[in-house]
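The values are calculated or read from the model by the stated rules, or taken from the named source; none is laboratory data. Because the structure is a prediction, the values reported are computed rather than measured. As a convention, Cβ positions derive from the backbone with ideal geometry for all residues, glycine included, and neighbour counts pool all protein chains shown. Only protein heavy atoms, including side chains, enter the accessible area calculation; ligands, DNA and RNA are left aside. Shrake-Rupley method; radii C 1.70, N 1.55, O 1.52, S 1.80 Å.
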Amino acid sequence: MLLRQGTEVDDEDFYLACVLGWCVEWLQASALVLDDITDNAYTRRDNLCWYKLPTVGMSAINDGVLLKCHVQAIIKRYFKEKFYFLDLMELWNEIGLQTAMGQMLDLITTHTGAKDLARYRIQGYRRIVKYKTSYYSFYLPVACALLLNGARLSDYVELKNVLIEMGVYFQIQDDYLDCFGDPEVIGKVGTDIEDYKCSWLIVQAMELANENEMKILYENYGKSDPKCVAEVKSVYRELDLQDIFLEYESRVYKHLVSTIDAETDRAIRDILKSFLKKIYRRKK
């Protein structure tokens, strides 16, 4: 609707946009079902993780695969006769591959970090979240809308770059909330510390910690004992990571606003502003 300012979206295009919106949700559902298994997570959106249900268990792996396979079937059913069908299929295949690669990087980095926390660095972290989160969460919905509107994705490279940067910001928020957020609000119990995750917080801590704080992190990070988790969080607080996050959030927000304001296309500006408004200083 933003891309067609001044032109009404007819019922068919509105319906097709909804179909693609649901496909995005199904892709995310697939990713979350499988991600919860690899992370040994307990809750998701105020409920037990799907694989934790007694009647589901490890059959959740096949459920996750089924969800993703249905996306391809749905797109073929509703878009096969559209002139942009091939571009749409290529987009979804590319995003699916990028997301899987991001998950692979996450798992490999976690395995490596378990041997040496010092390997957790911001460059590697950004690479993980760019592929694991940014492409499917931020770029994919907008790219689908562009194709519905008859646009060529190659004409919107800068838009893609801004959306990817928003996705990185979103994941950093997620890492912060995993540790400092209220489980009642965010809908899950954070497990990044227990799971040895290469999160933004541990990356910052490894850069700022003194010798004693570093020793505490090495001895306690990646352990499920609540006392060990509390020790890690104590170091995070000593390093003022909450304030450092707020400073980062303010800085990246100003940068994104400046970049968006420089965009000459009003519709693109409105799209980016709507995304930024949804995530800025979110609590869940």
Hey, if we sort S134, S258 by accessible area with the 1.4 Å probe, largest down, what's the order? S258, S134
Would you kindly calculate the translational diffusion coefficient of the chain, applying Stokes-Einstein with the Kirkwood radius from alpha carbon pairs, for 37 °C and a viscosity of 0.692 mPa s, and quote it in µm² s⁻¹ without decimals? 161 µm²/s
Using a 1.4 Å probe over the heavy atoms of the protein chains, calculate the carbon and sulfur portion of the accessible area of segment 11-279 as a whole percent. 54 percent
Which of the lysines could a cross-linker bridge to K278, judged by Cα under 18 Å and excluding same-chain residues fewer than eight apart? K160, K254
What aspartates and glutamates does K130 reach when the alpha-carbon gap must be under 12 Å and sequence neighbours fewer than 8 apart in one chain are set aside? D106, E165
Computed P(r) (all Cα pairs; segment 140-284; 5 Å bins; percent): 2, 9, 17, 17, 15, 12, 10, 8, 6, 3, 1, 0
Using only helices, what value at 222 nm comes out for the chain when you add -39,500 (n - 2.57) per DSSP H run of length 4 or more and divide by the total residues, to the nearest 500 deg cm²/dmol? -22000 deg cm²/dmol
Charges only on Cβ, +1 for Lys and Arg, -1 for Asp and Glu: so what's the dipole of segment 174-243 about the Cα centre, in debye to the nearest 20? 200 debye
Set of lysines near K233 by C-alpha distance (under 18 Å), chain-local residues within fewer than 8 positions excluded: K188, K197, K215, K223
Loop sites only, by DSSP: take the GluC sites (Glu not before Pro) in the chain that have at most 11 other C-beta atoms within 10 Å and name the longest stretch containing none of them. 82-284
List the residues whose amide H sits under 5 Å from the amide H of T43, counting only those 5 or more places along or on another chain, with H placed 1.01 Å from N in the peptide plane. C49, V189
Can you tell me which of L146, L53, L105 moves the most in a GNM of the chain? Springs connect C-alpha atoms under 10 Å apart. L53
Can you give the net charge of the other residues whose Cβ lies under 14 Å from the Cβ of A17, counting K and R as +1 and D and E as -1? -4
Need one value: the accessible area of K82 in square angstrom, 1.4 angstrom probe, rounded to the nearest 10. 60 Å²
